[in-house]
Number of protein chains: 2
Amino acid sequence: MAASSPSRRRPGRRPGPTETRAAILTAARDLFAEKGYDGASIRAIARAADVDPALVHHFFGAKEALFVAAMEFPVNPAKVLPYVLGGPRESTGRRMAQTFLREWGRPEARGPLIGLLRSAMTNEQAAEMLRQFVSAAILSRVGDRFDVPLVRIEAAAAQMIGVAILRYVLRVEPIASVSEEELVELLAPTLQRYFDGT
Amino acid sequence: MAASSPSRRRPGRRPGPTETRAAILTAARDLFAEKGYDGASIRAIARAADVDPALVHHFFGAKEALFVAAMEFPVNPAKVLPYVLGGPRESTGRRMAQTFLREWGRPEARGPLIGLLRSAMTNEQAAEMLRQFVSAAILSRVGDRFDVPLVRIEAAAAQMIGVAILRYVLRVEPIASVSEEELVELLAPTLQRYFDGT
């Protein structure tokens with residue numbers, strides 16, 4: 001707790017780690033909502049929480065992880081992307097389809113994911129925040145892996161978002177009921193073609 | 001107007017065509033909302049509007065056209081599908097991508113289309129109605145044209161719905177700004193592959 005800023009504290013108040021962590025998360029939620037993902041700096045979040053920026057890094061690491069924690073983002077890109085992007089290039093489409101369907105298939109992730117999509121579709125502020133986060137934490141990293149225009153990565157993302165909407169939100173049959181394996185077979189070549197630039 | 005049911009009319013009341021048409025549309029909206037697209041019959045809508053079913057057919061033709069009119073559905077599948085499905089099979093993907101982007105590109109259609117998607121994503125009754133209509137009026141007809149499992153038609157629809165969300169609703173760059181022609185080039189082979197069953 002030595003890293004917290006004593007000059008800004010009222011005398012006699014010494015918050016514990018749980019309280020400090022909660023204060024950072026609250027400040028992060030406020031600032032991400034107010035300034036968007038790109039506009040909210042770790043420094044500004046630390047200032048709003050009345051702590052030292054080093055303490056934010058100590059608790060959460062990078063801004064991306066702070067966003068995941070503060071917004072309760074149900075999928076951590078830092079955990080799933082290394083698997084998707086790390087294997088052989090020619091089977092990336094398959095790993096991406098598998099990972100996307102597995103994450104949406106988890107009941108504890110699906111509700112929050114649908115909630116995020118609904119918010120982004122009905123609220124411009126939520127859309128802006130999600131757009132910036134997904135661009136910085138997912139799309140641009142996938143783009144860095146492949147030497148193809150970013151619009152191709154977004155076409156691949158569009159394919160999977162559309163599948164999630166038909167399968168999990170609108171529940172159109174038969175796509176709502178076919179197995180994950182069958183869907184992976186169907187979708188992997190589409191994603192792979194976008195990544196291959198062909 | 002001889003087709004209206006005189007036994008159910010109060011004496012002295014003789015509605016004109018405009019009034020009758022409006023009564024049918026109101027009854028259709030109510031019944032589509034209450035019973036869904038499949039569950040609302042022309043007969044039941046006519047009964048609710050207190051007119052003869054033949055008059056509903058006279059004004060609107062098939063149930064699909066009545067739905068388009070009553071729900072102010074911004075794209076008439078009966079008008080766009082013959083073009084998409086009528087040309088050479090090997091260029092169907094291209095015509096579908098072109099038509100989808102052209103319809104979403106019309107400012108007077110885009111707002112209502114986004115509205116429908118938002119409603120379907122936040123309201124189960126709206127989702128059910130849209131799901132049944134899109135299945136009957138679009139997906140099953142495209143499926144009839146190609147001898148492939150319906151899940152492939154839905155994967156193609158998912159690609160285009162995802163593109164609409166990223167391009168027109170969330171406005172992620174660069175997919176929000178690239179030309180329709182560039183997107184058609186990018187997406188047509190994906191759609192074609194689903195239709196070809198390869």
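If you filter the range A:168-182 down to residues that are at the interface with another protein chain (Cβ under 8 Å from one of its Cβ atoms) and not acidic (Asp, Glu), you find that the one that is farthest from the chain's Cα centre (by Cα) is A:Pro174. Residue-level check: of (1) in a helix (DSSP H, G or I); (2) more than 14 Å from chain A (Cβ to nearest Cβ); (3) more than 23 Å from B:Tyr194 (Cβ to Cβ), B:Pro82 misses just (3).
Can we say A:Glu124 is within 23 Å of A:Gly36 (Cα to Cα), outside the structural domain of A:Asp30 (by TED's automatic domain parsing) and among the acidic types (Asp, Glu)? Yes; evaluated as a whole, the condition is true for this residue. Scanning the range B:31-56 for residues that are among the β-branched types (Val, Ile, Thr) and assigned to a helix (DSSP H, G or I) yields B:Ile42, B:Ile45, B:Val56. Taken over the range B:172-198, the criterion of being closer than 16 Å to A:Gly162 by Cα and hydroxyl-bearing (Ser, Thr, Tyr) is satisfied by B:Thr190, B:Tyr194. Do you know which residues across the range B:133-151 are modelled with pLDDT of 90 or more and facing chain A (nearest Cβ under 7 Å)? B:Leu150, B:Val151, listed by residue number.
Taking the range B:133-148 as the range and being without any contact (Cβ under 8 Å) to a residue 60 or more places away in the chain, of a type outside the set (A, V, I, L, M) and crowded, with 17+ Cβ neighbours inside 10 Å as the test, the residues that pass are B:Ser135, B:Gly143, B:Phe146.
Test A:Ala97 against the stated conditions and say whether it is of a type in the set (A, V, I, L, M, F, W, C) and outside the structural domain of A:Ala164 (by TED's automatic domain parsing). Spelling it out, it is not the case that A:Ala97 is of a type in the set (A, V, I, L, M, F, W, C) and outside the structural domain of A:Ala164 (by TED's automatic domain parsing). Scanning the range A:143-198 for residues that are out of contact with any Pro (no Cβ under 9 Å at 6 or more places or on another chain), small (Gly, Ala, Ser) and outside any helix (DSSP H, G or I) returns A:Ala176, A:Ser177, A:Ser179. If the condition is being among the hydroxyl-bearing types (Ser, Thr, Tyr) and on the phi > 0 side of the Ramachandran plot, then the range B:19-39 contributes no residue at all. Taking A:Arg118, is it modelled with pLDDT of 85 or more and more than 26 Å from A:Tyr194 (Cα to Cα)? For A:Arg118, the condition - modelled with pLDDT of 85 or more and more than 26 Å from A:Tyr194 (Cα to Cα) - is met. Looking only at the range B:116-132, decide whether some residue is among the hydroxyl-bearing types (Ser, Thr, Tyr), surrounded by fewer than 18 Cβ atoms within 10 Å (Cβ to Cβ), within 11 Å of another protein chain (Cβ to nearest Cβ) and assigned to a helix (DSSP H, G or I). Yes.
The values are calculated or read from the model by the stated rules, or taken from the named source; none is laboratory data. Keep in mind that what you see is a predicted model, and the values were worked out from it rather than measured. FYI the Cβ positions are ideal-geometry reconstructions off the backbone, even for glycines, and counts take in every protein chain you see.
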